[in-house]
Amino acid sequence: MKLFGTSGIRGLYPDFVSAELFTKIGLSLGTQAEGVVCVGRDFRTSSKQLQSALVSGFLSTGAEVLDAGACPTPVLAYATKKFKASAGAIITASHNPPEFNGVKLWQSDGSAYSPEMEKEIENLIESGKVKRVGWEDIQNSRPIEALERYMEGITAAFSLEGGLKTVSDCGNGSATLTAPEILSRVSNNVSIFDKPDGMFPNRLSEPSEKNLSELKKKVITSKADVGFAFDGDGDRVAVIDNQGDFVKQDTLLAILAKSEIGKNATIAVPVDTSMAIDEIGAKVIRTKVGDVYVSEALKKEKGTFGGEASGCYIFPEVHLCPDGLLAAMKILETIEISGKSMSELVAEIPSYPILRGVVEGDREKSFKKLSENAKKLGGELSETDGIRIQLEDAWILVRKSGTEEKVRITVEAHSEARARQLMGSIMN
Ligand code: MG
């Protein structure tokens, strides 16, 4: 039974994501983790009910439940570690539309569940071989001050001068609970869409450029130094610079990585990240695509920073969960320390053309042919995730889709003409 996707379990309520399923997840996670489980939720209309179902499952196994209440995903991950729970669960569908919901699971060290651990949960749900205790062993669910602990922790991690002007756009998601407050402590902050609302009435929850026109306007009219937009559960961030322009996530990733230079930086990024990251002078580890693999690599290699160009940024010195607000604080710190404007920081990062192609049909057959074509180009071969060829002035990635009969090809080169030529020779 395949329940988990690339970011936990997610789907439509109540067709796929239901109270019945969440009770089973609670029973299974309670059985696997044992002891103490930390739980939280976003503001979606179905989240409270799903939390009740999940908690009911936990309690049936004899687990004690720490209730973080409504909170952003990074707060739940942080609390799981700080309150010494053996596992954590956040009920959220991140940036998906309001009719969706889901759950993402966390390890005791605050990092995301690995695909192997998710598989164990799926097996427990399928077999039904879960632990159940008698009435005399049922434990309690008790509230914890997760938000307060997180806000103390994140504030203590920075010593900012203050004085910069910021705009925050929480898109009515759960970052409303943390970002306006924290950013007001360290900057002159104006916030928009800062009332939690599970219907996301003001903008789509994904912080992609097309959804951020109000934030752009506000940055311009308030003459702000920088604008931050968070996704529905606050683990991702997008940035608008002081000129009102959207900062490409690959550029942001390189700016954040660059700010780690001088700390003997080891940076972890997925195989599809722009080569701009290779030019900042840090040791770069390339992982499989997905923030969970970035987090695993950071743990294993004791990395200083990692992320992927979807707006997920991880700073292991604070915790191993992608954290939009933490990345926003790092950006503020970078602007303060460098004395440069956000648009100047952007201009320092090279921007190369990236082409993306898709071949539909039998994915095994297409993958074989396309990767043979790619290998003929020579260069350095990596098989971390699909086939990646590193050339002097370009790279090529050929990957099978995990869910569809498709193969995706990505090419990045120093010039558009070169990228087209390479794409042509692979598709040929
Ligand atoms: Mg998210």
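So which residues in the stretch 95-111 are within 16 Å of the ligand (Cβ to nearest atom) and either modelled with pLDDT under 95 or open to solvent by 10 Å² or more (accessible area, probe 1.4 Å) (or both), if there are any at all? Hits for the stretch 95-111 are His95, Asn96, Pro97, Pro98, Phe100, Lys104. Here Glu122 meets each of (1) within 23 Å of Ser56 (Cα to Cα); (2) charged (D, E, K, R); (3) open to solvent by 40 Å² or more (accessible area, probe 1.4 Å) with one exception, condition (3). Taking the stretch 55-77 as the range and being away from the ligand (no atom under 16 Å from the Cβ) and touching a strand residue (DSSP E or B) at 6+ places or on another chain (Cβ under 6 Å) as the test, the residues that pass are Val55, Phe58, Ala63, Glu64, Val65, Leu66, Asp67, Ala68. Under 9 Å between Cβ atoms, at least 6 apart or on separate chains: pull out the pairs that start in the stretch 37-57 with a residue that is without any contact (Cβ under 8 Å) to a residue 12 or more places away in the chain and end on any residue that is surrounded by 24 or more Cβ atoms within 10 Å (Cβ to Cβ). Taking only residues 6 or more apart or on different chains, the pairs are Lys48/Arg41; Lys48/Ile91. Within the stretch 169-212, being part of a strand (DSSP E or B) and surrounded by 23 or more Cβ atoms within 10 Å (Cβ to Cβ) holds for one residue alone: Asp169. Residues that are within 20 Å of Arg399 (Cβ to Cβ), β-branched (Val, Ile, Thr), open to solvent by 10 Å² or more (accessible area, probe 1.4 Å) and outside any strand (DSSP E or B) within the stretch 269-323 comprise Val289, Val292, listed in sequence order. The condition of being outside the structural domain of Cys170 (by TED's automatic domain parsing) and either at pLDDT below 95 or open to solvent by 10 Å² or more (accessible area, probe 1.4 Å) (or both) holds for Val358. Counting only residues that are touching a strand residue (DSSP E or B) at 6+ places or on another chain (Cβ under 8 Å) and either of a type in the set (Val, Ile, Thr) or more than 17 Å from Ile121 (Cβ to Cβ) (or both), the stretch 78-100 holds 13 of them. The residue list Lys263, Lys217 contains one member that is in a helix (DSSP H, G or I) and either of a type in the set (Ser, Thr, Tyr) or surrounded by fewer than 23 Cβ atoms within 10 Å (Cβ to Cβ) (or both), which is Lys217.
The values are calculated or read from the model by the stated rules, or taken from the named source; none is laboratory data. Model, not experiment: these values are computed from the prediction. All Cβ positions, even for glycine, are placed from backbone atoms using ideal geometry, and neighbour counts span all protein chains on display. The area values use the complete protein model at the heavy-atom level, side chains included, leaving out ligands, DNA and RNA. Shrake-Rupley method; radii C 1.70, N 1.55, O 1.52, S 1.80 Å.
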